[in-house]
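Encoded as structure tokens, the structure appears first; notes follow it.
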Amino acid sequence: MKLARLLPTRLLSALALSLIAGAAHADTLVVFAAASLTNALQDIGKAFETRSGHTVKFSFAASSALARQIEAGAQAQVFLSADEQWMDYLAERKLLAAGTRTDLLGNSLVLVTPADSKASVTLKPGFDLAALLGDGRLATGDPAHVPVGKYAKDALTRLGAWPVAEPKLVRADSVRAALVLVERGEVPAGIVYATDAAVSPKVRVAGVFPADTHAPITYPAAIVAGQDTPPARAFMQWLRGTESAAVFTRYGFSLK
């Protein structure tokens, strides 16, 4: 006997709607990505949706927060981190789909000030951070878990400025949160990625940290374990394509 003859009309309609919703969900890709990738990935996501027919939903935050959400069972299919450590964290817990991890992008670290500031700093050993900050504070990601903060601590330590910076540090929960503090003039300076500074007309770059003062800034990407679906594979491939490369380059990222 056919299913339609066994089920009441209302229940059959509910079942049909459920099946349709399930199919739509299967074509929806959930991507967790470091906050510094926001602008570039929004552009890339729109192009991917147009070409593939899949829907992409992004969640942007600090890599540490996203990795822990994935560990707790969040249903992300793709993860893009702003450093190797948090991707390693998931790999050690076998939470990445085998063979899908790839190093995607690079970046650089800069010191920014509000746009109306005239400050300019050569970031070398012994530079006078105290004079730059005055009575103000320095914003960056929390070095305890936010990648940009860890890079910043490494760079400031190498340059001998960490003892000055540490007591004045505003430990933001993401690089974009640190950027906002500088944009608003709530702090006289902050440390962010070059790509974050480039998208904000409210800050200016006062100095660029030499690459040898911190670990290489690397953005790995991977599919989450148990989520190795055709849309996820297609998106990973799209990230490596020429159109995406052009977008990443336009926003100031270097390609790996």
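From the list Thr28, Thr55, Thr38, the lone residue that is open to solvent by 40 Å² or more (accessible area, probe 1.4 Å) and β-branched (Val, Ile, Thr) is Thr55. If I filter the range 49-70 down to residues being more than 17 Å from the chain's Cα centre (by Cα) and not polar (S, T, N, Q), which single residue comes out as farthest from Leu29 (Cα to Cα)? Per the stated criteria, the residue is Arg51.
How do the pairs read when you match residues in the range 242-256 that are open to solvent by 50 Å² or more (accessible area, probe 1.4 Å) with residues anywhere that are in a strand (DSSP E or B) and of a type in the set (Asp, Glu), using Cβ under 8 Å and keeping only pairs 6 or more apart or on different chains? Note: pairs meeting the criteria are Lys256/Asp103.
For Leu132, indicate whether it is open to solvent by less than 30 Å² (accessible area, probe 1.4 Å) and either over 26 Å from Tyr251 (Cβ atoms) or among the hydrophobic types (A, V, I, L, M, F, W, C) (or both). The answer is no for Leu132. Restricting attention to the range 1-54, the residues that are under 13 Å from Pro231 (Cα atoms), of a type in the set (Gly, Ala, Ser) and at pLDDT below 50 add up to 3. Tallying residues that are open to solvent by less than 90 Å² (accessible area, probe 1.4 Å), part of a loop (DSSP other than H, G, I, E, B) and either modelled with pLDDT under 95 or over 17 Å from Tyr151 (Cβ atoms) (or both) within the range 103-120 yields 3. Screening Gly99 on (1) touching a residue at least 60 places away in the same chain (Cβ under 8 Å); (2) at positive phi shows it passes everything except condition (1).
Pairs meeting the criteria (first residue in the range 181-202 and within 22 Å of Lys153 (Cα to Cα) and of a type in the set (Val, Ile, Thr), second residue at pLDDT 95 or above and surrounded by fewer than 16 Cβ atoms within 10 Å (Cβ to Cβ), beta carbons under 7 Å, at least 6 apart or on different chains) are Val187/Gly136. Of the strands (runs of 3 or more DSSP E) entirely within the range 154-256, those holding at least 2 residues that are more than 18 Å from Ser120 (Cβ to Cβ), in contact with a Ser or Thr (Cβ under 9 Å, 6 or more places away or on another chain) and aliphatic (A, V, I, L, M) occupy 169-172, 218-223. For the range 145-200, the candidate set comprises residues that are within 21 Å of Ala33 (Cα to Cα) and among the acidic types (Asp, Glu); within that set, the residue that is least open to solvent (accessible area, probe 1.4 Å) is Asp196.
The values are calculated or read from the model by the stated rules, or taken from the named source; none is laboratory data. Because the structure is a prediction, the values reported are computed rather than measured. Glycine also receives a Cβ, built like all others from the backbone with ideal geometry; neighbour counts cover every protein chain displayed. Heavy atoms of the whole protein, side chains included, go into the accessibility calculation; ligands, DNA and RNA do not. Shrake-Rupley method; radii C 1.70, N 1.55, O 1.52, S 1.80 Å.
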